[in-house]
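To start, the structure itself, in structure tokens.
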Ligand code: UDP
């Protein structure tokens, strides 16, 4: 179901809706092309699936295409992704050729006659080199760029320099060594999608039953791809410490993204290492891609954990805050934009397992604290992280650049 912009009036207010329409006026009939590398799994696909239809509601002709690639390509681009977030990489010609050739092949059957192009993340970055450039190209980076591996950064920069603008998620990611106009636009959630909409008690119960999730004990949950940066094994260590004080169950919900080949490997590591707790039902692993399931988990859990060691933004944090559920998360990257420590959640050093456990137990024991954190969290999202703000910022940028 696609909503009209007016459907967001109640949540975002009339002024925000009028401003969107006002800003869109000069963009009527403009063709805008978005390209990323997966239609599902991860925050980029999540945002595009709301943003692109909404852009079309404003009078723009917005399109969304997916870069095609084989498993080797995605293995290489995940290595690039990891290196951009600071991991080491063995950057060979083989990797570079696979990266560039996949983009070259895609360009042969992807015709770009649009008025502007928005490229998301590193996978489709080299595409720009395969067209006669006739319009502005924007690179939208959703990754934490504070400390990239210098070799990969230098290599990717050779493509980025061709772009007319770069969008990053927070101020810290603006690169002084990149002489291209850089804009800060934080991501946002769509409150009307199945992932974030209100749910009836009946639906919640139906999903809990369908996915075999007992609620006899409080649930603590992390919703994240099985990815080294999301630290699922660290979450389990925290869970074990919490369990010493309070009997809880842990849910790790991580669907597999088409452009992330590490998922199955890390999932298998978790299964192997924690076989006993999984068989006992103390740790529940879910890999189904299901938006309502995520919504249900973010509502029924007593605490949502986000124990990332790096995080471009972390949409899952805002998703949980929106549902009034307390969040205990790492003080890294985009999470620090979303949580004010002690006011709408708690922030901790990712290595501080004791600190994580202490805060979780504190929330589990103090209902009033949980309610206050939840109330503040919801308000903070309403003010800062709704899709209507994201839409407006995109329109403003396009107006300036076109
Ligand atoms: N997600 C999901 N199912 C899962 C795990 C994650 O739908 O099993 C969604 C999650 O709700 C969020 C997105 O994937 O909308 C993850 O975005 P985030 O910015 O947190 O992290 P990313 O995966 O982009 O690094």
ask   = Does the range 365-386 hold any residues that are assigned to a helix (DSSP H, G or I) and within 16 Å of residue 335 (Cβ to Cβ), and which are they?
value = 373, 376, 377, 380, 381, 384
ask   = Is it true that residue 241 is in contact (Cβ under 8 Å) with a residue 60 or more places away in the chain and touching a helix residue (DSSP H, G or I) at 6+ places or on another chain (Cβ under 8 Å)?
value = yes
query = What number of residues within the range 299-321 satisfy the criterion of being over 15 Å from the mean Cα position of the chain (by Cα) and within 11 Å of the ligand (Cβ to nearest atom)?
reply = 1
query = Any residue at all in the range 3-10 that is in contact (Cβ under 8 Å) with a residue 24 or more places away in the chain, out of contact with any strand residue (DSSP E or B) (no Cβ under 7 Å at 6 or more places or on another chain), surrounded by 21 or more Cβ atoms within 10 Å (Cβ to Cβ) and within 30 Å of residue 399 (Cβ to Cβ)?
reply = yes
ask   = Just for helices (runs of 4 or more DSSP H) wholly inside the range 1-100: which have at least 2 residues that are within 16 Å of the ligand (Cβ to nearest atom)?
value = 43-57, 71-84
key: In the range 174-190, the residues that are part of a strand (DSSP E or B) and either away from the ligand (no atom under 14 Å from the Cβ) or farther than 17 Å from residue 51 by Cβ (or both)   = 182, 183, 184
message = Anything in the range 272-293 that is outside any helix (DSSP H, G or I) and away from the ligand (no atom under 12 Å from the Cβ)? List them, or say none.
response = 274, 281, 282, 283, 284
message = For the range 183-201, check the following and say yes or no: at least one residue is without any contact (Cβ under 8 Å) to a residue 40 or more places away in the chain and under 24 Å from residue 396 (Cα atoms).
response = yes
request  = Tell me, please, whether a residue that is on the phi < 0 side of the Ramachandran plot, away from the ligand (no atom under 16 Å from the Cβ) and in a strand (DSSP E or B) can be found in the range 191-209.
outcome  = no
ask   = For the subset of the range 210-230 comprising residues that are assigned to a strand (DSSP E or B) and surrounded by 22 or more Cβ atoms within 10 Å (Cβ to Cβ), which member is nearest to the ligand (Cβ to nearest atom)?
value = 223
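Values quoted throughout were computed directly from the atomic coordinates according to the rules given, and no laboratory measurement underlies them. As the structure is a computational prediction, the values presented were derived from the model and not from experiment. Positions of Cβ are generated from backbone atoms using ideal geometry, with glycine treated the same way; all protein chains shown enter the neighbour counts.
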